[in-house]
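Engineer: Pasting a structure below so you can have a look.
The values are calculated or read from the model by the stated rules, or taken from the named source; none is laboratory data. Please read these numbers as outputs of a predicted model, since none were measured by experiment. No Cβ is skipped: glycine too gets one built from the backbone with ideal geometry, and neighbour counts run over all protein chains shown. Just so you know, the surface numbers come from the protein's heavy atoms only, side chains and all, with ligands and any DNA or RNA stripped out. Shrake-Rupley method; radii C 1.70, N 1.55, O 1.52, S 1.80 Å.
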Amino acid sequence: MTSNTSVWVTVLAGGAGTRFWPLSTSRRPKQLLNLVGSRPLVADTIERVRGFVPPGNIRVLTGAHLAEPIRRATGLGDEAILIETRARGTGPALAWAAWEIARSDPAGVMISLHSDHLISPASRFRDILVAAAAIAHSEDVLITVAVPPDRPETGYGYIRPGEPLSTPARHGAYRVAAFVEKPGPEEAARYVADGYRWNSGIFVWKAAFFLAELRRHAPELARALPALEHGDVATFFDQAQTISVDEAILERSARVAAIDAAFDWDDIGGWESLARRNVPDADGNVCVGEAYVAGGERNIAFADSGRVVVFGAHDMLVVRTGDITLVMPRSELVRLKEHLKDLPTRFGNAGDDGGAGPDSP
């Protein structure tokens with residue numbers, strides 16, 4: 001990067017994290033939980049970029065009801081919290097964030113992060129962000145950080161690599177030939193064998209160029225931009241369509257590139273990802289908290305409060321929180337969010353009234 005390159009970090013921290021229900025709800029979302037360490041996930045995300053950008057260049061997008069808990073968890077000031085008036089997905093959220101950055105810093109480079117990623121080491125993560133920001137500063141491209149997969153994964157989107165971005169190749173960056181949505185098991189195995197990458201959802205681009213591509217390719221969002229010109233954020237979110245940034249812009253633009261991650265990455269998206277972060281016993285059971293399994297294999301037993309005992313069961317998830325116990329086959333976890341739509345309200349608030357975040361489109 002040149003000395004006059006200004007870099008901003010935007011963190012998506014709305015959403016309820018329903019794939020971690022009942023531990024995570026809209027009032028106690030996963031980004032505020034200590035799932036893989038001693039700090040909430042959102043605090044870890046902010047800590048990774050401290051010193052990389054000035055404190056005044058960090059913004060967190062979330063819902064109004066999460067603003068104060070996020071302030072307490074991260075130590076950020078009021079100016080760092082951008083409150084979405086409606087949950088509309090990552091497309092509108094990042095459009096608003098880009099608008100705010102471009103308005104105050106027309107040449108600013110914007111980095112978009114999710115608040116539920118596990119990344120190490122932080123030094124290599126920052127090295128990749130520096131390289132991506134340098135490319136974005138000098139070339140009109142939208143960059144996504146791509147992760148070389150270590151297993152077939154049906155829960156992630158994939159990227160088919162294209163030609164090197166420039167000659168000689170810069171930092172291993174390349175054009176994105178295609179985005180592929182979450183595949184079935186056989187397709188996922190083929191993608192891994194063919195050298196496809198996971199789409200991490202970590203993005204880098206000039207805010208002004210992102211808005212130009214939005215106007216060119218995303219009428220669902222462009223039609224709402226005049227509201228931002230008049231400072232009316234609520235009307236912008238009312239008029240913008242609920243859509244992901246991938247669908248609205250990245251899958252439509254011809255100016256998308258990727259750079260490979262040179263760090264360990266995992267999306268703490270749900271119970272299966274948490275199981276990956278814990279060492280199983282000899283029978284493949286993962287126990288967290290006061291949990292015990294006997295005579296069974298490949299179970300996840302999680303005790304947030306009280307104790308969990310599992311006898312003679314296989315391939316099950318058993319979760320106990322303060323007032324709810326969840327029991328379901330691990331094979332059904334991909335449908336957990338769908339099941340929660342039919343949950344009677346007396347069993348608690350599992351819905352998403354936050355904003356763009358881990359479970360948002």
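Engineer: How far apart, in nanometres, would the label points at residue 85 and residue 330 be if each is projected 7 angstrom from Cα along the Cα-to-Cβ direction?
Structural biologist: Label-label distance for residue 85 and residue 330, simple model: 4.6 nm.
Engineer: Continuing with this model, one more query. Go through 206/341; 182/341; 206/337 and tell me which ones have a Cα-Cα distance over 28 Å in this structure.
Structural biologist: Working: 206/341 38 Å; 182/341 21 Å; 206/337 34 Å.
Going by Cα-Cα distance, 206/341; 206/337 fall outside the 28 Å limit.
Engineer: OK, next. Would you mind telling me the share, in percent, of accessible area of the range 116-269 contributed by carbon and sulfur at probe 1.4 angstrom? Walk me through the intermediate numbers first.
Structural biologist: Values: 3060 of 6370 Å².
The C+S portion of the solvent-accessible surface of the range 116-269 is 48 percent.
Engineer: For the chain, what is the mean residue ellipticity at 222 nm derived from helices alone (per DSSP H run of n ≥ 4: -39500 (n - 2.57); sum divided by total residues; nearest 500 deg cm²/dmol)?
Structural biologist: Details: 11 runs with 99 residues, N = 361.
After summing the helix terms and dividing by residue count, I get -7500 deg cm²/dmol.
Engineer: Can you compute the charge dipole magnitude of the range 1-124 about its Cα centre, using +1 on each Lys and Arg Cβ and -1 on each Asp and Glu Cβ, nothing else charged? Give it in debye, rounded to the nearest 20.
Structural biologist: 360 debye
Engineer: Using the heavy atoms of the protein chains alone and a 1.4 angstrom probe, what is the accessible area of the chain per residue in square angstrom?
Structural biologist: Working: 15290 Å² over 361 residues.
Accessible area per residue: 42 Å².
Engineer: Measuring from label point to label point, each 7 Å out along Cα→Cβ, what is the residue 294 to residue 187 span in nm?
Structural biologist: Result for the modelled spin labels: 4.5 nm.
Engineer: From the Cα trace of the chain, what convex hull volume per residue do you get, rounded to a whole Å³?
Structural biologist: Values: hull volume 50.1 nm³, N = 361.
In the chain, the Cα convex hull volume per residue is 139 Å³.
Engineer: By per-residue mean of other Cβ atoms within 10 Å, what is the highest-first order of 202-212, 71-81, 244-254?
Structural biologist: Details: 202-212: 23.9, 71-81: 15.9, 244-254: 20.3.
Result, highest mean first: 202-212, 244-254, 71-81.
Engineer: When the Karplus curve 6.51 cos²θ - 1.76 cosθ + 1.60 is applied with θ = phi - 60°, which whole-Hz ³J(HN,Hα) does each residue of the range 147-154 get, with x for Gly and Pro?
Structural biologist: Once θ is set to phi - 60°, the couplings for the range 147-154 become 10, x, x, 10, 6, x, 10, 8 Hz.
Engineer: If you project the alpha carbons of the range 1-95 onto their three principal axes, what span does each projection cover, largest first, in Å?
Structural biologist: 47, 31, 22
Engineer: Can you tell me the 0 to 90 degree angle between the C-alpha axis of helix 64-74 and the longest principal axis of the chain, rounded to 10?
Structural biologist: 90 degrees
Engineer: Moving on to the next point. Roughly speaking, to the nearest percent, how much of the range 1-77's 1.4 Å accessible area is carbon and sulfur?
Structural biologist: The value for the range 1-77 is 47 percent carbon and sulfur by accessible area.
Engineer: Related question: Using a simple spin-label model with points 7 Å from Cα along the Cα→Cβ vector, what separation in nm is obtained for residue 262 and residue 68?
Structural biologist: Inter-label distance under the simple model: 4.5 nm.
Engineer: Let me ask another. What's the extension gain from residue 232 to residue 47 if we count 0.36 nm per residue and subtract their Cα-Cα distance?
Structural biologist: Length gained, residue 232 through residue 47: 63.4 nm.
Engineer: Let me ask something else about it. Once phi is turned into ³J(HN,Hα) by the Karplus curve 6.51 cos²θ - 1.76 cosθ + 1.60 with θ = phi - 60°, what whole-Hz value does each residue of the range 241-249 show in order, with x for glycine and proline?
Structural biologist: Rounded to whole hertz, the list is 7, 5, 6, 7, 5, 4, 5, 6, 10.
Engineer: If you fit an axis through the alpha-carbon atoms of helix 90-104 and take the longest principal axis of the Cα set of the chain, what angle between them do you get, 0 to 90°, nearest 10?
Structural biologist: With both axes taken from Cα atoms, the answer is about 40 degrees.
Engineer: Take the alpha carbon atoms of the range 152-226, find their center, do the same for the range 12-83, and report the distance between the two centers in whole angstrom.
Structural biologist: Centre-to-centre (Cα) distance: 25 Å.
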